[in-house]
Structures are given as C-alpha cells and as structure tokens.
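Only one structure is covered here, and it is reproduced in the block below.
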Amino acid sequence: MRLAFNETELTFQREVRDWITANMPPEVAEESRRSRTSHVSKERLVQWQKKLASRGWLCPNWPKEYGGPGWNSTQKFIFEMEMARADSPYLSSFSIKMVAPVLMKFGSEAQKKRFLPKIAAAEELWCQGYSEPGSGSDLASLRTKAEKQGDHYLVNGQKIWTTNAHFADWIFCLVRTSNEGKRQEGISFLLIDMKSPGIKVDPIYLVDGTRTPMRHEVNQVFFTDVKVPVENLVGEENKGWTYAKYLLEFERGGQAFGPRLRKAFRHLQVLSKTQMDAGEPLSASPNWREKMAALEIEIDAVEMNEMMFYSSLKTGDAPGNMGSVVKMRGTEAGQKVTELAVEAVGWYGTPFTELRNYDSNVVPVGGGYVDDVSPRYFNTRKTTIYGGSSEVQRNVLAKAMLGL
C-alpha cells in the first residue's frame, strides 16, 4: 500500500518527524533498536514517555476531554509510522491503550480523576493481571479470589505471563468475587497498587535468551492476603467480564503493527542484499523475491485493516471485531518476517541466542542485523498466543462475522 497523504497530512507528518528527531534521546533509540522486542528498561521508557507527555502526544488515541490530542485516524497512523521510523520503544500499552479506555467508559469520576492524569503525565505505569496457570485462553476459569471484607477486598491467587510487572506501579486484575451462576458472571475488575503488602513478583525467562535481571519481560505475580480498597473496583461487582471483553478489543487492535512491520521489512531487505546464496546476494534469487513479495502484500493488508480500526475509534466507538482481525493478521505477519530473517542469515544467527543482550559488547559475526535475528524469532512465537490466540480470533470472527 502506498498511502497518498494530502498537503495538510504531509505538513503534520513533517511536524511529527521533526519533533521526534529533535527530542528522541539517542540512548532510548539505541536501546530500543537493539532490544529483541522494542521494549526498553523502565528508566528509558519513562524518560521518553515524559517527553511525549510534555508535548501532549503520549496518548494519541485519547479524546481531548481526557488530555489526548484529538487526532483523526490518519494522524494517528502517521504518528505511529514516525515513531517506528525513529526506533521509538513501544509505549506502555497497558496504561494508555487498555486500562485507560476502560476507566473512561466504566470508571467512576473519582477513578478517572485519580488515574487518567497520572497515565497522561507518564507518572504511573500499569501491567495486566489476566492469565493464570490453567486459565489462559479459557480466561473465565480464573481462580484468583477477592473476598469483600468491609471497606476492602482480600485478594489471594496467582497471575502469570504478566508483562512489566517487575516495574509497574499498578495492575488491573480480573478476580473471582462469586462462584454462583456462569463462570463469567462471578468475575470483577480490580485496580491494585503493586506496592501493596502481600504481592510477590518472580521473573520468567523466555526462550529468546534474555537472562539479565530487569531486562526480562514477563513475570508471575502472587497475591497473599492483599488488601484492596473497595473504591478500586471498576464498575459493578461481578460485571468484570463485560469490562474485560471491552478492554480486549483495544488490546487486540491497540498495537500499531503496520509501521513496525514495514520497518522490519526494510531490515529484511537489507539482509537480503548482504547475505550470500551460491555466490550471489540472496536478493537476486527469484524464489526469495517471490517470498518477499508475498510478505509485502500481507503487510499492505495489515495496514489497510489498521486504518479501518483507527477509523472505528474516530467517533469514540469500540473497535469490535476489527480488533481481532488486526491482532491476528498483524502478529502472523510479524512472525513471517522473523522466519524469513532466520532463513536469510542461516547459521550466523545461532551463536547469539544465549549470549547477546542489547547492551552487549560481543561483536556479531555475519554483518548488520544478524545478531538479533534468532532472539527475535524465538520471542515473536508468543505473539499469536497472548491477547487471545490466533485460533481464538478465528473462532471469534467465524461466529461474529460469518454466523458460523
């Protein structure tokens, strides 16, 4: 897809590009560029988010009434495109694109006043407490329990695969407040301070080779008699499943895949020119060019779907089924990029799976972009699982859009 921006949009693009170029800290861009996931340390993340907040650009999807810039769908896409171009790390989606929309729609006025300004100012970071051991895709089977005792809930249980729990300030959690009726009817949505006594966070190291403390992504979180004030309940007790489904629409479509897929594709083109096959650059192979063309078409389709997704947000509507489409196709295309990258570098990617972190001084063998290929491949395996697996998305779409 070749987007033809009009003159007003091109002016906006230049404004965004110039500001990001002038304000992006080099150390943030470097850490993001050499990260296996475009995630960075809390220090770098907060550093960059505060700069964006000072410009009013941290929350591009928020309406003006809550501190957002009030951009239209094309402006949001341009912003994401320029952020990817500048090697910006992923921003705190749990804060900006997940819990915030839930609070805007279902939260009390006190909750909105307490939490939204802190998120918009990059003063508090959030993580998500959904999955549990034995309750992944079957989320309704969750067992973390919250018992109401006067002015507070007493929470006991465990969450797993909790991204950024090791440095988050707050966690939004699905908890079981009743065992009566259908499983979905006994779930509530709680906001929990991560500094609360009784919370324990343990790291989970992934197959991508990350072993450095505080450089990992996911964790398991244990709750032992954690007291949570009743005013931290979002909406009504036992209605959390409704709020969770609303949030998942934003989680599944809230990450802008297209711009970063496009950038990863450009890196793959560089690899194609530097890696040799039978004495010639890989890019000269007709078979390889066919694979690259097919992948580019997929990325075009992802971008088109994302434009439709952003358009659905323009009037304040929930994205609905488009969130599932974007999440499924975006993550699958992302995996194909990493698969072709592994194919391109062959054995050159093997030595660095365990050894090299983003700040390592180990010299890569095989040329630029080679040393991160295998770790990115392994890390990206998870993307078609979290937020609802691709199999779940296909079932959702088959039922909701095709009536099957």
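Quick rundown of the values:
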{"read-out": "Hits in segment 62-74 (condition: surrounded by 19 or more Cβ atoms within 10 Å (Cβ to Cβ) and either among the charged types (D, E, K, R) or in contact (Cβ under 8 Å) with a residue 60 or more places away in the chain (or both))", "value": "T74"}
{"read-out": "Matching residues, segment 261-303, being farther than 22 Å from S35 by Cβ, among the hydroxyl-bearing types (S, T, Y) and in contact (Cβ under 8 Å) with a residue 24 or more places away in the chain", "value": "S272"}
{"read-out": "Helices (runs of 4 or more DSSP H) wholly inside segment 318-404 that include at least 3 residues being acidic (D, E) and either buried (at least 17 other Cβ atoms within 10 Å of the Cβ) or modelled with pLDDT of 80 or more (or both)", "value": "322-345"}
{"read-out": "Matching residues, segment 84-110, being over 23 Å from W48 (Cα atoms) and either surrounded by 20 or more Cβ atoms within 10 Å (Cβ to Cβ) or assigned by TED's automatic domain parsing to the domain that holds Q49 (or both)", "value": "V102, L103, G107"}
{"read-out": "In segment 277-311, the residues that are out of contact with any helix residue (DSSP H, G or I) (no Cβ under 7 Å at 6 or more places or on another chain) and outside any helix (DSSP H, G or I)", "value": "D277, A278, G279, E280, S285"}
{"read-out": "Filter result (among the aromatic types (F, W, Y) and surrounded by fewer than 20 Cβ atoms within 10 Å (Cβ to Cβ)) within segment 144-185", "value": "F167"}
{"read-out": "Count of residues meeting criterion [closer than 27 Å to M81 by Cβ, surrounded by fewer than 18 Cβ atoms within 10 Å (Cβ to Cβ) and aliphatic (A, V, I, L, M)] in segment 260-282", "value": "1"}
{"read-out": "In segment 322-346, the residues that are over 18 Å from V270 (Cβ atoms), of a type in the set (A, V, I, L, M) and out of contact with any Leu (no Cβ under 6 Å at 6 or more places or on another chain)", "value": "M322, V325, V326, M328"}
{"read-out": "Condition met for N61 (under 20 Å from the mean Cα position of the chain (by Cα) and modelled with pLDDT under 95)", "value": "yes"}
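The values are calculated or read from the model by the stated rules, or taken from the named source; none is laboratory data. Given the structure is predicted, the values throughout are model-derived calculations rather than measurements. When we count neighbours, we look across all protein chains shown, and the Cβ atoms used for this are built from the backbone with ideal geometry, even at glycine.
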